[in-house]
Each structure stands twice: as structure tokens, then as C-alpha cells.
There are 2 protein chains.
Amino acid sequence: MHLGPGAEPAPLVAIAVDMVIFTVTERGLAVLLRRRHEAPFAGYWTLPGGFLSDHESPEAGAERVLADKIGVHGLYAEQLYTFGRPDRDPRGRVVSIGFFALMPWNRAAPLAGEAHGTAWHSVDTLAPLGFDHATIIGMARQRLVAKLAYSTIALQLMPQRFTLSQLQSVYESIMGEALDKRNFRKWVCSLGCIEATDETYRAGSHRPARLYRVKHPGEVRIIK
Amino acid sequence: MHLGPGAEPAPLVAIAVDMVIFTVTERGLAVLLRRRHEAPFAGYWTLPGGFLSDHESPEAGAERVLADKIGVHGLYAEQLYTFGRPDRDPRGRVVSIGFFALMPWNRAAPLAGEAHGTAWHSVDTLAPLGFDHATIIGMARQRLVAKLAYSTIALQLMPQRFTLSQLQSVYESIMGEALDKRNFRKWVCSLGCIEATDETYRAGSHRPARLYRVKHPGEVRIIK
DNA sequence: TAACTTAGTGTCGCATTCACACTATGTCAA
DNA sequence: TTGACATAGTGTGAATGCGACACTAAGTTA
């Protein structure tokens with residue numbers, strides 16, 4: 001790149017965007033992975049990603065990867081960290097901007113096993129991954145757990161209508177510990193971010209549960 | 001960059017590292033800026049920074065900028081965010097990895113006004129800055145304020161020996177509000193991260209203050 | 001209609017946080 | 001030498017928040 005008179009030239013590198021997409025399944029927190037067919041790391045599972053185009057911000061690149069490679073729109077996504085160890089890609093210098101995104105679990109099922117070559121993997125039983133993607137996932141998971149405690153980010157994992165028991169089990173499977181039902185309900189209702197609907201949900205031979213919805217979808221509030 | 005058969009070529013960009021270096025002065029929280037003499041933004045104040053070299057990780061690049069351009073070593077620094085709007089640098093495509101760093105205030109004075117062309121600017125009265133550096137500083141400041149509440153990061157702003165009143169006024173000038181002296185002392189001592197020395201500090205015609213030191217310098221603990 | 005399953009609800013004790021004012025110890029000037 | 005001054009240093013009590021805890025409600029099915 002030309003930087004003006006007297007300036008040393010700046011080395012040029014490729015910028016990748018790698019997406020850590022989480023959802024919650026019956027087997028707990030899961031991340032969407034894509035099996036690679038090309039070298040390097042052919043046959044390995046890797047994060048969905050792509051190279052940043054000209055005239056594209058990192059955030060726009062992340063949205064494009066979600067739309068083009070995964071076929072989803074409107075997910076919550078935020079920048080995570082930028083990974084730039086010089087040896088992280090055997091093809092040459094690639095700096096990767098990691099993002100993490102959350103997918104409501106009702107939208108997750110149609111994706112896996114399709115022509116995309118993608119599948120949901122439980123974060124606790126990951127096969128060896130290509131590149132430094134295990135590191136990226138580890139950091140994304142830390143961030144998610146941290147943000148559960150001080151934000152309303154977990155609501156981004158819920159469908160439009162959900163029961164409080166479902167919400168509680170989302171929290172429990174991410175944190176990896178059981179929560180008290182009454183205290184959880186008091187806490188989550190006191191946040192003022194969800195509201196009861198007049199619908200109920202029947203799921204077995206027992207009392208139906210009230211369905212709730214998020215008051216301001218897409219908003220993630222910082223709490224406490 | 002060559003990505004293998006059948007792959008589209010990845011656009012190449014320059015990677016910059018920009019450092020938001022904070023300290024605390026008599027006039028409150030301050031950031032180190034450098035006056036630019038070259039186009040673009042000649043005459044404007046900007047963050048110290050540089051281009052990432054080949055075979056250099058972002059973290060190593062940040063340390064190199066601190067050492068070569070500012071002449072300091074061993075500062076606390078962490079990655080902040082990556083800024084990549086396509087139009088953020090009029091020279092062409094430059095993606096900047098922002099870092100924020102903290103300098104103990106006893107080491108800050110020798111830097112300003114020197115041949116470096118750098119100066120400390122109060123964060124509340126910033127002149128118009130070059131590039132998107134005002135945005136970067138704003139985000140760094142948010143992060144610093146947030147981390148005050150849940151980590152021991154403020155200790156990275158202190159000299160080796162300091163009084164509790166000095167530490168309190170560091171917290172106060174970053175948070176922008178007064179704290180209760182007794183409650184602050186109880187809280188900070190209960191963290192177990194600092195210890196009293198047997199030295200005292202005389203600073204005027206009044207009772208001298210006990211000097212404290214950090215137990216494990218360089219360690220930033222997450223609290224609560 | 002009785003057994004089963006999950007939904008839904010309130011209280012009390014403990015710990016944490018916050019508000020608050022006076023004594024201690026040095027310097028300096030009269 | 002002593003009195004005025006300035007900052008250092010210290011404890012208690014009230015209010016609030018948080019965690020532990022068990023039973024009733026309402027539907028399904030045999």
C-alpha cells in the first residue's frame with residue numbers, strides 16, 4: 001500500500017471473518033461447524049467463515065457469511081476478538097476477526113446435515129478442529145457465559161414465544177449448573193424485558209405453561 | 001493471496017495497531033496522543049500506532065509500538081476492538097486493531113512534550129482527532145470504566161508504592177463520581193490484592209499516609 | 001377418579017452494601 | 001510551645017438484596 005513519501009510500505013494480509021454460532025440443543029450448548037473439503041485441514045471441522053471483501057466492514061462481512069454460507073438473517077452477532085498469530089494459517093498470512101452469534105433453537109434444526117455440510121456440535125465434545133478454531137470457540141464460550149450474568153443476551157437464543165422453564169434450562173445448560181426455579185423466575189421477571197402472553201404451551205400430560213415473549217426483540221440490555 | 005485451486009483470491013489489506021494509552025493526571029483521565037505531520041490528517045492529533053509487520057502477532061505489534069514509538073515497556077495492554085470501515089483511512093484499505101493500555105501516572109510525565117511529539121490530553125476535552133480515533137478512544141474509555149467495577153485493573157495505573165487516598169482518587173476520576181472513604185478502603189482491602197508497607201508518604205503539613213503495594217504486579221484479577 | 005407430571009407461587013434468614021462523623025498525627029506559623 | 005490547619009484513618013447500624021426452601025394448581029392418561 002502507498003502511504004506517502006518517506007513511509008515504509010505496509011505489509012498486506014488477508015482478513016478472514018470466522019463465526020462462532022451458538023445454539024442450545026437437548027444435549028446442551030452447541031456450535032455450528034462446517035466440514036472442510038479443501039486443503040489445508042481437509043476433512044477437519046472448522047468454523048464457518050470467509051474472507052473480507054473490498055469495501056466491506058468486518059460487521060458487514062460477518063452478516064454476509066451468515067447469509068451466504070449459512071442462509072440465516074438477523075442473528076444477534078458481536079465482534080469477539082482478532083486472531084493474528086503469523087502461523088495460524090499454513091497458506092500464508094491471514095488475520096481472522098472472530099465473531100460470535102446466537103441462533104434461537106427453533107431455527108437451528110433445519111440447518112444441520114443439509115447440503116451446507118454443516119452440523120451442530122456439542123461444545124463439550126469437540127473433535128479436533130482446523131486452524132486455531134478451538135481457541136476461538138473457547139473464547140466465545142467464555143464470553144457467552146460472562147454475558148449471561150450481566151446482560152439479557154440469553155433472550156437471543158429463544159424463539160418468539162417461550163416458557164419460563166425453557167428459558168431457565170437455556171441458562172442452566174450454558175452455565176452448567178442447576179438454578180432454583182422460584183429465584184430464577186423472580187429475577188428474570190424483575191428485569192422487565194419479557195412479558196407474558198395469553199397463550200399457553202401444552203407439552204405432555206401435565207399442566208400447560210404460560211408463553212412469554214421478549215418486549216424489545218434484538219435489544220440486549222446490560223443489567224446490574 | 002493464493003488460496004488453492006478454485007478459490008477466489010482474497011483481497012489484501014494493511015493491518016494497523018492503534019494504542020489507546022490511558023493515565024490519570026491532576027486533571028483526570030488522560031490519553032496519550034501524537035501530532036501528525038504527514039497527510040492525511042496532517043496537524044491533527046491521533047493515537048500512536050503503526051502497521052503490523054510480517055510474522056508479527058497483533059499483541060507483539062502492540063508491544064512494538066509501545067516500545068519504539070513511545071519508549072515504554074511492560075505496560076498492561078489488552079485488545080479492544082477491530083475497526084474496519086472501508087472508508088476509515090483515505091489512503092486505502094486499512095483495518096486497525098485497537099488496543100488499550102494503562103500507564104502508571106508516575107511514568108507518564110517524562111513522555112509528554114518530548115521529541116516524540118506526544119502529549120497527554122484530558123479525555124473530556126479532546127480536540128478533533130484524525131481517522132476514527134475518537135470512536136476508538138470512546139470505546140476504550142467505556143471498557144475501562146466497565147472493568148473498574150469487576151476487576152483490579154485500576155492497580156495498573158498506580159506506581160509501585162501508593163496511598164489509599166491516591167488509589168481512591170484514581171477510581172473517582174475515572175468513574176466521575178465521589179466515593180465514601182471508609183467504604184472504599186474496606187472494599188479495596190477486602191480484595192486481598194494490595195498490602196501495606198511500613199513506609200509512609202509525607203505530602204504537606206498534615207499526617208503522613210501509609211504506603212501500599214500491589215501483591216502480584218501485572219496480575220489483573222476478575223472480582224465478584 | 002386416581003395417579004402422574006410439570007407449572008406456578010412466598011417467606012424468612014443471612015450477607016452485602018450504604019450512609020454517616022469523629023479522632024489521630026503530622027506541619028507550620030505566631 | 002502551642003494552637004490552627006490539613007489530610008489520614010477508623011466502626012456501627014439500617015436497609016437492601018440474595019439464596020434456601022416446599023407446597024398447591026392444572027392438565028393428561030389409564
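The values are calculated or read from the model by the stated rules, or taken from the named source; none is laboratory data. Since the structure is predicted, the reported quantities are computational estimates derived from the model, not experimental observations. In this analysis, Cβ positions are derived from the backbone assuming ideal geometry, glycine residues included, and neighbour counts consider all displayed protein chains.
Just give me the residues in the range B:126-167 being more than 15 Å from the chain's Cα centre (by Cα) and surrounded by 17 or more Cβ atoms within 10 Å (Cβ to Cβ), in sequence order.
B:LEU129, B:GLY130, B:PHE131, B:ASP132, B:PHE162, B:THR163, B:LEU164, B:GLN166, B:LEU167
Name the helices (runs of 4 or more DSSP H) wholly inside the range A:124-224 in which the number of residues that are more than 15 Å from DNA strand D (Cβ to nearest atom) and hydrophobic (A, V, I, L, M, F, W, C) is 1 or more.
A:133-150, A:164-175
Which count do you get for residues in the range B:31-49 that are in a loop (DSSP other than H, G, I, E, B) and within 14 Å of chain A (Cβ to nearest Cβ)? Lay out the reasoning, then the answer.
Filtering the range B:31-49 for residues in a loop (DSSP other than H, G, I, E, B) gives B:36-44, B:47-48.
Filter once more, keeping what is within 14 Å of chain A (Cβ to nearest Cβ): B:36-42.
Final tally of qualifying residues: 7.
What residue, among those in the range A:57-73 that are assigned to a loop (DSSP other than H, G, I, E, B) and without any contact (Cβ under 8 Å) to a residue 24 or more places away in the chain, is nearest to the other protein chains (Cβ to nearest Cβ)?
Pass one, the range A:57-73, residues assigned to a loop (DSSP other than H, G, I, E, B): A:57, A:71-73.
Right, trim to without any contact (Cβ under 8 Å) to a residue 24 or more places away in the chain and you get A:57, A:73.
Details: A:SER57: 5, A:HIS73: 21 Å.
Only one residue fits best here, namely A:SER57.
Applying the selection to the range A:118-167, what residues are without any contact (Cβ under 8 Å) to a residue 60 or more places away in the chain and within 12 Å of A:VAL24 (Cβ to Cβ)?
A:LEU148, A:ALA154, A:MET158, A:PRO159, A:PHE162, A:GLN166, A:LEU167
Residue by residue, here is whether (1) of a type in the set (Asp, Glu); (2) under 24 Å from A:ALA109 (Cβ atoms); (3) crowded, with 16+ Cβ neighbours inside 10 Å holds:
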position: A:ILE21; (1), (2), (3): no, yes, yes
position: A:LEU47; (1), (2), (3): no, yes, yes
position: A:VAL65; (1), (2), (3): no, yes, yes
position: A:GLY74; (1), (2), (3): no, yes, no
position: A:GLN79; (1), (2), (3): no, no, yes
position: A:ARG88; (1), (2), (3): no, no, yes
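Please verify whether A:THR82 is more than 13 Å from every other protein chain (Cβ to nearest Cβ) and of a type in the set (Ser, Thr, Tyr), treating the condition exactly as stated. Spell out the reasoning first.
Details: more than 13 Å from every other protein chain (Cβ to nearest Cβ): no; of a type in the set (Ser, Thr, Tyr): yes.
When the stated conditions are applied, A:THR82 does not pass them.
What single numbered condition from (1) at pLDDT 95 or above; (2) over 25 Å from A:SER122 (Cα atoms); (3) in contact with a Leu (Cβ under 9 Å, 6 or more places away or on another chain) fails to hold for A:ASN183?
(3)
Please specify each residue of the range A:68-87 satisfying the condition of being of a type in the set (Lys, Arg) and out of contact with any strand residue (DSSP E or B) (no Cβ under 7 Å at 6 or more places or on another chain).
Restricting attention to the range A:68-87, the residues satisfying the condition of being of a type in the set (Lys, Arg) are A:69, A:85.
A:ARG85, the sole residue that qualifies.
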